[in-house]
1. Under a plain spin-label model, where a point goes 7 Å from the Cα along Cα-to-Cβ, how far apart in nm are residue A:41 and residue B:324?
2. Can you tell me which of B:128-134, A:108-114 comes out highest on packing, and rank the rest after it, using the mean Cβ neighbours within 10 Å?
3. When the convex hull of the Cα atoms of region A:15-137 is projected onto a plane and the area is averaged over all directions, what value comes out in nm²?
4. Pull out the extension gain between residue B:255 and residue B:169, defined as 0.36 nm times the separation in residues minus the alpha carbon to alpha carbon distance; nm, one decimal.
5. Determine, at each q value in 0.09 (inverse angstroms), the log₁₀ of I(q)/I(0) that the Debye formula gives when each Cα of the protein assembly as shown is one equal point scatterer.
6. Roughly speaking, what is the stretch gain from residue B:47 to residue B:92, that is 0.36 nm per residue apart minus the C-alpha to C-alpha distance, in nm to one decimal?
7. If each DSSP helix of 4+ residues adds -39,500 (n - 2.57) and the sum is divided by the residues in the protein assembly as shown, what number results at 222 nm, nearest 500 deg cm²/dmol?
8. What are the radius of gyration and Dmax of region B:30-175, computed over its Cα atoms and given in Å?
Ligand code: SF4
């Protein structure tokens, strides 16, 4: 019931993998499929950041991706929110001491919701996206 | 490739990064009208310097780094590394550990193949298939969670064995789950291998031939779809595969001929999924009692490994093909050199040879055929040689094209 209060529109999501190990990405995909069914909240994955309300980022942000990630963030229309999935985004996880990663990603783009886990469960990812939605509605 | 761009008088546009759902890899396609005449592939966006940072971790820590090379094949990287370290130290894991290794490895293969099937369905605009396969796949994830406590990145392998036992109670639940799973996968097999849309969009698409496959050293299901019976599990009998009498499946065992195309690849993967379910069941039934690791504690293994010297390799058949881990040790708690050879590098690059001659709408199917971790097209540059036009298209556009073609070939259903 509580959800009804703030789901007034369908949040469209753009997914960006910045060099993670893929596990976070398959869990994000799993969140969209029948068992977890993100579509019941209107969540839809889109192919272009220009259509997206929420940016879901995973991975430790490799050097090669920094500029591109920033550009993708800028291309999104406001209001927008960023959800960071996995501990990679917070401090690099096992890759923390690699010279090629630049985690945390909040050094590059503002993050609204962090979802810890390596990888987090699909339920947690859904929860994070709904948290981000609350932020969008407030704005 | 940049010379060819210069020849064509085309500069390379660095457009927005576009991984869509997937990891970044760039396929570049040159076309004449609708026909692809040339293709090229770029790697490198995911470079994390894993081998470099691996040299700073000790023998135990590096196992968990190996696992995070790829989340889909986490076992397939952790296990060959553990194997390599074991052969450095000249240690043999106990039998029970070998059987548990088969269980985890095969469950991983099932989840990976199911994932691929879903992606294929998505690429050809058959989203029902995507949701069906991912629905079935959740049962495997449950099984993996039951064994290891995590859905992905299970942290099961360790030097000298495995980290968690499969108790009686767990085994019974697993066996029940496997029955469920088998039913689901058999239904899927019947749908996939006979559905008109799948046939129309995959038969003859991405056609290799046996010579090409041998010349390019294709790996895993890509080799087996061309009739090359090559599989590390069969050839090396790693873990308990030798005891279980494993024999690799090639396309002609399933559909009667080695089509070397996307349809054969699908058939091989679906048949392997069923084979894996049976392997897991056999392994669970025949598992001998005993310890699960050659060492009582990881620290003991670490101490022993720190005294090892020399070099060794570990091999395993990942869902996508042969994974090779090479390590060199010099009496230290860290490896001196660690090198990983993953099968996708070979398989993905081979698509360069089969793109020409196909329609643009088939590009995503060919790109997905080798199962490049998750079928990953970062962005494709279409150069129309007839009109001298160039367009940068993204994966979403290519998928859209592919879906339109599906609608066309199916008529107004
Ligand atoms: S947080 Fe863990 S699971 Fe997620 S991408 Fe990073 S290493 Fe992989």
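Readers should treat all values here as calculations from the given coordinates under stated rules, not as data from a laboratory. All values derive from a computational prediction rather than experimental measurement. Heads up, the Cβs are rebuilt from the backbone with ideal geometry, glycines too, and the neighbour counts pull from every protein chain shown.
1. Placing both labels 7 Å beyond Cα along the Cβ direction yields 4.6 nm.
2. Ranking the peptides B:128-134, A:108-114 by packing returns B:128-134, A:108-114.
3. 6.7 nm²
4. 27.1 nm
5. After summing over all Cα pairs, the log10 values are -0.66.
6. Taking residue B:47 through residue B:92 to full extension adds about 12.8 nm, to one decimal.
7. Taking each H run of at least 4 residues, the total per residue is -14000 deg cm²/dmol.
8. For region B:30-175, the Cα radius of gyration and maximum Cα-Cα distance read 19.0, 62 Å.
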